[in-house]
Protein chains: 2
Amino acid sequence: MAYELFYWNGIQGRGEFVRLALEDAGAAYIDVTRAPDRGTGEMIGLMESATEPRIPLAPPFLRDGDLLVSHVANILLYLGPRLGLAPREAALGWFAHGLQLTVTDFAAEVHDTHHPIATSKYYEEQKAEAGARAAEFIDNRIPKFLGYFERVLQRNPAGGGHMVGDGVTYVDLSLFQVIEGLSYAFPKAMRRYAGRYPGLVALHDRVKARPNIAAYLASPRRLAFNENGIFRHYPELDIEPGTGTAS
Amino acid sequence: MAYELFYWNGIQGRGEFVRLALEDAGAAYIDVTRAPDRGTGEMIGLMESATEPRIPLAPPFLRDGDLLVSHVANILLYLGPRLGLAPREAALGWFAHGLQLTVTDFAAEVHDTHHPIATSKYYEEQKAEAGARAAEFIDNRIPKFLGYFERVLQRNPAGGGHMVGDGVTYVDLSLFQVIEGLSYAFPKAMRRYAGRYPGLVALHDRVKARPNIAAYLASPRRLAFNENGIFRHYPELDIEPGTGTAS
């Protein structure tokens, strides 16, 4: 039976980390809110169900038969071994999940560059604060997180340009998305930083060239980045490193 | 061999969610940065090690023999079955981890009430923005998260006042800490909200009365809340619901 992915229609958002794993593995899945005979109402209905005992707070969540799994990192932990995208060694599995949770933290910080005060309000209502938070993010947080991921990559005893172990895992796919998203949202900073993270840039390029990923990216299933997702390009937040004011 | 917990000395912080599980189970563990012959240098040394292949970005992390596990939810996923604090049924295990990841998201939002712009700067440098973010947090985010946890609790088919299944899990312990921390940081809001979340309040009280937890809370191992942790009490952020301005 096909996996059912529940996520907001119209954006890559957090759902994209899951889509990349499903697509790379060539798994059968239904992107429920975008499927012709399904839709967003079904997703909301599940979240607001008065009878379903195990409800998720927010998408993305995945249904596999009777099982509902919520949160990106949890879904990838579940799918990883089933899709051949998890390390086989148990110790590496714990490490991979820890890395994915670091991606989760980072994605939340990306979101807050355009929503530093209130998720319930529009970006335009918190523009000044977003400018300050974006400057901090560009000057301190991108280097902190990408520097960390680069060290992990370079130090992988198995080498081979993978984040964990000697094969491609869901962590590699997620870091492709991180680099892709940052390059969309903050091209000035990413051009300046590219030389610092050669391993991540090469990893990004290798993932992009994987046949199933390349086919996915060229398909209508891959939505374009836009200003409703996590990675948003606002020219006024695309600040050269060291030139903004974080408060 | 005793578990080794690595976390910043002097605060409850994120480490507390792990400590509560270890303490409730009566597990042997070393709180490394607070141990007489150990210390913070050892933790930093591990994070900045030039040789260790699997480094964590940030504490808390747990060492069990050769294995290093980072991130609160990952650590609790690892410890849960070993400490008898995880559901036995696999489907419930995925649900419990999803709930813990929701606690993780919530803790990050609590942190950002006092640091909405820059983690690298002092609270005093972002006080105005903190006021706006705290108002949004109190008006919209506390009800969103606590309302969700209350629904999950009330709807648990096994009843018995547990978040997952028919026994105490690490999720129950973490929600005790969430209620405890919110009550410290935002007493005005929590007094107003208490009647809305009777299940969570009762859960909090039951966890607090568990013999090992009660003994822990009365011991010097339990640090007091303070203004270096995640849950901080700043009178100017302790806003009555509906009276602040979120932007």
> Only one of A:L67, A:L79, A:L101 is in contact (Cβ under 8 Å) with a residue 40 or more places away in the chain and either within 21 Å of A:A21 (Cα to Cα) or among the hydroxyl-bearing types (S, T, Y) (or both); which?
Replying inline: A:L79
> What is the number of the single condition among (1) away from chain B (no Cβ under 12 Å); (2) closer than 24 Å to A:H233 by Cβ; (3) without any contact (Cβ under 8 Å) to a residue 40 or more places away in the chain that A:D166 does not meet?
Replying inline: (2)
> Can you tell me which residues in segment A:111-121 are crowded, with 23+ Cβ neighbours inside 10 Å and either among the hydroxyl-bearing types (S, T, Y) or within 13 Å of A:F145 (Cβ to Cβ) (or both)?
Replying inline: A:T113
> Within segment A:19-34, which residues are out of contact with any Lys or Arg (no Cβ under 6 Å at 6 or more places or on another chain), of a type in the set (A, V, I, L, M) and without any contact (Cβ under 8 Å) to a residue 40 or more places away in the chain?
Replying inline: A:A28, A:I30
> Residues of segment B:119-163 being part of a loop (DSSP other than H, G, I, E, B) and farther than 30 Å from A:A134 by Cα, which ones?
Replying inline: B:N156, B:P157, B:A158, B:G159, B:G160, B:G161, B:H162, B:M163
> If you scan segment A:107-122, which residues turn out to be more than 7 Å from every other protein chain (Cβ to nearest Cβ) and of a type outside the set (D, E, K, R)?
Replying inline: A:A107, A:V110, A:H111, A:T113, A:H114, A:H115, A:T119, A:Y122
> Scanning for something at pLDDT below 95, buried (at least 16 other Cβ atoms within 10 Å of the Cβ) and among the charged types (D, E, K, R), does segment A:52-64 turn up at least one residue?
Replying inline: yes
>> Checking the conditions here, which among A:G160, A:G195, A:G147, A:G181 is surrounded by fewer than 18 Cβ atoms within 10 Å (Cβ to Cβ) and more than 14 Å from chain B (Cβ to nearest Cβ)?
In response: A:G195
> When segment A:181-197 is examined, which residues are found to be free of Cβ contacts under 8 Å to residues at least 40 places away in the same chain and either touching a Phe, Trp or Tyr at 6+ places or on another chain (Cβ under 8 Å) or not aliphatic (A, V, I, L, M) (or both)?
Replying inline: A:S183, A:R191, A:G195
>> Please determine whether any residue of segment A:225-233 is under 21 Å from A:Y78 (Cα atoms), in the same structural domain as A:E125 (by TED's automatic domain parsing) and among the aliphatic types (A, V, I, L, M).
In response: no
>> Criterion first (among the charged types (D, E, K, R), more than 15 Å from the chain's Cα centre (by Cα) and facing another protein chain (nearest Cβ under 10 Å)) does A:E129 satisfy it?
In response: yes
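Residue-wise test of (1) touching a residue at least 60 places away in the same chain (Cβ under 8 Å); (2) surrounded by fewer than 22 Cβ atoms within 10 Å (Cβ to Cβ); (3) hydrophobic (A, V, I, L, M, F, W, C).
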{"position": "B:E4", "(1), (2), (3)": "yes, yes, no"}
{"position": "B:F17", "(1), (2), (3)": "yes, no, yes"}
{"position": "B:P36", "(1), (2), (3)": "no, yes, no"}
{"position": "B:I44", "(1), (2), (3)": "no, yes, yes"}
>> Let me spell it out: the conditions are (1) surrounded by fewer than 24 Cβ atoms within 10 Å (Cβ to Cβ); (2) in contact (Cβ under 8 Å) with a residue 40 or more places away in the chain; (3) within 9 Å of chain A (Cβ to nearest Cβ); (4) within 30 Å of A:A130 (Cβ to Cβ), and B:L92 meets all of them except one. Which number is the exception?
In response: (4)
>> Just the residues that are surrounded by 12 or more Cβ atoms within 10 Å (Cβ to Cβ) and not in a loop (DSSP other than H, G, I, E, B), please, taken from segment B:212-247.
In response: B:N212, B:I213, B:A214, B:A215, B:Y216, B:L217, B:L237
>> Taking the criterion of being outside any helix (DSSP H, G or I) and of a type outside the set (G, A, S), would at least one residue in segment B:180-201 satisfy it?
In response: yes
>> When you check B:T104 against the structure, is it more than 7 Å from chain A (Cβ to nearest Cβ) and in a loop (DSSP other than H, G, I, E, B), yes or no?
In response: no
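Of the residues A:V152, A:V178, which single one is within 15 Å of the chain's Cα centre (by Cα) and closer than 25 Å to A:L79 by Cα?
Working: A:V152 fails: within 15 Å of the chain's Cα centre (by Cα).
Only one candidate qualifies: A:V178.
Please list, ordered by residue number, the strands (runs of 3 or more DSSP E) wholly in segment B:1-87 having 2 or more residues that are more than 13 Å from every other protein chain (Cβ to nearest Cβ).
Fully inside segment B:1-87 and qualifying: B:3-6, B:29-31.
The values are calculated or read from the model by the stated rules, or taken from the named source; none is laboratory data. Note that the structure is a prediction, hence the values are computed from the model and not measured. Note that each Cβ is placed from the backbone with ideal geometry, even for glycine, and that neighbours are counted across all protein chains shown.
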